[in-house]
Each structure stands twice: as C-alpha cells, then as structure tokens.
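Working notes, structure below.
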Amino acid sequence: YKTIKKMIMPLYTSLSVDLTITSTFLPILCGGTIKTYKEIFNPSIFKKIINDPEINVIKGTPTHFSFITNNKNVNNKEILIIGGEQLTVNMCEKLTDVLGESCKIVNEYGPTETTVGCTYYTYNKNCKNVVPIGKPIFNTKVLVYDNKIIREENKIGELLVSGDSVFNGYLGIDNNCFIEIDNEKYYKTGDTVYIKDNNLYYVERIDSQV
C-alpha cells in the first residue's frame, strides 16, 4: 500500500473497530500521517473525508465508497482499500469513472480474528462481475477445505487461514474454530470460497457468527 506521495489516511472509526488497525498502523509504518476528525462518525463525516484534498488513501466498505460514485468532485485519491462486503465490478467501474484509472482499488478480505486483512486483490479491467479476494498477504497461508484440502478450481470449500497474524482463540469458551493440518493450526473463517485462475473468490458465509 505504499504510495508515491506521502500517505495521509483518515481516522474516522472507533478504536474497537478492526478497520481502525489499518487506518493507524499503515500510515505510521509507511512514514505517513493520520488525520483525525473531531466529529462523531456519521455519513456526513465520510462525505467530508472523501472531499478532503489532503486525504489520499482511504479504507472503508463498498457502502462507504458509494458516496464517491455520486460525487464528481473527488480528487487526489491514490488508493482505496475496500473490505467488509463483497466488492462488485460495477462498483469499481463507477469509482474509476470518478477517480480515474490512476487510483488503485484494492479488494481486501480478512476477519478480525486474522488481525484484519489476510488476502488482497488489486482491481483491473479483466475482472468480470465480482472482484476476487485474491491471494494471501506476507506471512499468511490459506487453504480451501471440505473434509480435505481442495486444490482444483471452481470447487467450493471453507477458507482456512494460518499465519503470524491469526489470533490465539476466544477467551473463556471452547475454541473449536481451529483445525490442525500438517502440524499447523488454521482458523476456520466460516466463509466459503473457490479458486479460479490462482485467485480466491468469496461465495458466502456458512456459520452464524457475526
């Protein structure tokens, strides 16, 4: 996510929201700046953020960024990091129409239990209908699993995640959300995916955990 210009990201969510991890640590690690807003978060604050010419990197959901598609005056945005909901090609096309092709749109997938983002995909015009969630980040392994490891394309299974950023378990309850494969502990995300062209595609949620 390192940018050509000095990264300036908005901090507009509570510290209890996992999105905040990206909005704080990413600019610090890249030698950038965190810009805070005194107002309590509401939709009008996000409109203010996307129109702020100083802000050049933003993380949010597709719902957040729908404000951009209805605003023709947004500029100076280098990277949009989008997660939390399924990202469609239609949404990316609308964002590109407003921001131009120089703005990088990154589809990031990752539950809170994997310390937020664990896979990513940079949108391009070859995408059709739905944008993949892509490949695992550094120090992360992923498997598609349905009673056995699935390696073939277009076969749906549960996404398992292992790596340095995966949490150790929930406090005070049975941690049956893990499975051990080849002496390595994987987190069972409760999300189903399939592999196509060496990228992961999100399908749906299979458990009731929110």
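The values are calculated or read from the model by the stated rules, or taken from the named source; none is laboratory data. Keep in mind that this is a model prediction, so the values were computed, not measured. Neighbour counts run over all protein chains shown; Cβ positions are idealised from the backbone, glycine included. Please note that ligands, DNA and RNA were not included when accessible areas were found on the heavy atoms of the full protein model with its side chains. Shrake-Rupley method; radii C 1.70, N 1.55, O 1.52, S 1.80 Å.
Out of Thr22, Thr13, one residue alone is within 15 Å of Thr61 (Cα to Cα), touching a residue at least 12 places away in the same chain (Cβ under 8 Å), touching a Lys or Arg at 6+ places or on another chain (Cβ under 7 Å) and open to solvent by less than 50 Å² (accessible area, probe 1.4 Å). It is Thr22. Just one of the numbered conditions (1) touching a residue at least 40 places away in the same chain (Cβ under 8 Å); (2) hydrophobic (A, V, I, L, M, F, W, C); (3) open to solvent by 30 Å² or more (accessible area, probe 1.4 Å) is not true of Ile173: (1).
Between a residue in the range 131-153 that is closer than 14 Å to Glu184 by Cα and any residue that is open to solvent by 90 Å² or more (accessible area, probe 1.4 Å) and part of a loop (DSSP other than H, G, I, E, B), which pairs come within a Cβ distance under 7 Å, given they are 6 or more apart or on different chains? Close Cβ pairs satisfying both conditions: Asn139/Asp164. All conditions but one from (1) touching a residue at least 60 places away in the same chain (Cβ under 8 Å); (2) surrounded by 20 or more Cβ atoms within 10 Å (Cβ to Cβ) apply to Gly84; the one that does not is (2).
Looking only at the range 72-81, how many residues end up being closer than 20 Å to Val106 by Cα and either touching an Asp or Glu at 6+ places or on another chain (Cβ under 6 Å) or open to solvent by 30 Å² or more (accessible area, probe 1.4 Å) (or both)?
Of the residues in that region, 4 qualify.
On inspection, Lys72 passes the criterion of being more than 18 Å from the chain's Cα centre (by Cα) and either among the charged types (D, E, K, R) or part of a helix (DSSP H, G or I) (or both). Close contacts from the range 99-113, counting a first residue that is open to solvent by 20 Å² or more (accessible area, probe 1.4 Å) and modelled with pLDDT of 95 or more and a second that is part of a loop (DSSP other than H, G, I, E, B) and of a type in the set (D, E, K, R), with Cβ to Cβ under 8 Å and a gap of 6+ residues or different chains, come to Lys104/Glu78.
Report, by residue number, each residue of the range 17-41 that is more than 17 Å from the chain's Cα centre (by Cα) and not β-branched (Val, Ile, Thr).
Scanning the range 17-41 gives Leu29, Cys30, Gly31, Gly32, Lys35, Tyr37, Lys38, Glu39, Phe41.
Criterion first (touching a His at 6+ places or on another chain (Cβ under 9 Å) and at pLDDT below 95) does Gly60 satisfy it? Criteria not met by Gly60.
Conditions tested, residue by residue: (1) in contact with a His (Cβ under 8 Å, 6 or more places away or on another chain); (2) open to solvent by less than 80 Å² (accessible area, probe 1.4 Å); (3) part of a loop (DSSP other than H, G, I, E, B).
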site: Tyr121; (1), (2), (3): no, yes, no
site: Lys141; (1), (2), (3): no, no, no
site: Ser165; (1), (2), (3): no, yes, yes
site: Gly169; (1), (2), (3): no, yes, yes
site: Ile179; (1), (2), (3): no, yes, no
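Every condition in (1) open to solvent by 30 Å² or more (accessible area, probe 1.4 Å); (2) closer than 30 Å to Asn129 by Cα is met by Pro53 except one, and the failing one is (2).
If you take the residues of the range 87-98 that are in contact (Cβ under 8 Å) with a residue 40 or more places away in the chain and under 15 Å from the mean Cα position of the chain (by Cα), which of them is surrounded by the fewest Cβ atoms within 10 Å (Cβ to Cβ)? Going through the qualifying residues, I end up with Thr88.
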